Amino acid sequence: MLAFIYKLNFVLAASGGESGFSHFYNEYFNIPGFELWKFINLAIFIGIITYLVKKPLSEAFKARREQIRSELIRAEAEKQAALERLAETEAKLERLTDEKEAIVQNAKEEAAAEKKRLAAFTKAEIDRLTRQREGDLDRLEKQTHAGLRRFSAEESIRLAEEKLKSKIDSDQDARLVKASIHEIGGLN
């Protein structure tokens, strides 16, 4: 259409004088490199393309907007789920910390009880070994006294025999044997 106006302008200009429109056009729009008709053609082309592509593009944009919205909603749900898991994990960690402290305290108490038990066992064992040692010493003392008595008696008997042997001769020996036989009941 502008091409038609442009050509009409040339025809009028060629016929003689410059009309008002031709003068206005030549004055303001006929600048080399700035052909107004090119811009008008571009605007018409963009308008037609926009009209033709508007419906498919708007539907694509709506679909994309809905997809982005659903992705945002899904991302928000995932974020909430992650926050819940984080809270659960922190709660578990807190419980584990409390449980660790309880275990450490329990271990300290058990160690103290074991120490007391071992101390009592050691004291009882020391007392038992002391009593056993004292009993063994008493027994060894009695055995030693008995051995010494036996040795003393045997030694006394041996010394007495030696003394008697030195004092008794064969006549006294025969007389003692006859007296012993006579006391028993004699020879039959």
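Among LEU86, ILE68, ALA102, which residue has its Cα positioned farthest towards the positive end of the charge dipole of region 62-125, with +1 placed on the Cβ of Lys and Arg, -1 on the Cβ of Asp and Glu, and the dipole taken about the Cα centre?
About the Cα centre, the residue reaching furthest to the positive side is ILE68.
Starting from the Cα of LYS123, draw a straight line to each of the lysines and keep only those under 24 Å, dropping any in the same chain fewer than 8 residues away.
The qualifying lysines are LYS108, LYS115.
Take the solvent-accessible surface of the protein heavy atoms, probe 1.4 Å, and return the percent of it on region 105-188 that carbon and sulfur atoms account for.
Carbon and sulfur: 58 percent of the exposed surface of region 105-188.
Using 0.36 nm times the number of residues separating GLU84 and VAL177, minus their current alpha carbon distance, what extension gain do you get? Walk me through the intermediate numbers first.
Numbers: separation 93, 0.36 × 93 = 33.48 nm, distance 12.10 nm.
Working it through step by step, the gained length comes to 21.4 nm.
Counting only heavy atoms of the protein chains, get the accessible area per residue of region 144-188 (1.4 Å probe) and round it to a whole Å² value. If you can, show how the numbers build up before the last one.
Details: 4300 Å² over 45 residues.
Each residue of region 144-188 exposes 96 Å² on average to a 1.4 Å probe.
The values are calculated or read from the model by the stated rules, or taken from the named source; none is laboratory data. Small disclaimer: the values here were computed from a predicted structure and weren't measured. Cβ coordinates were reconstructed from backbone atoms using ideal geometry, including for glycine residues, and neighbour counts include every protein chain displayed. Ligands, DNA and RNA are excluded from the accessible area calculation, which covers all protein heavy atoms including side chains. Shrake-Rupley method; radii C 1.70, N 1.55, O 1.52, S 1.80 Å.
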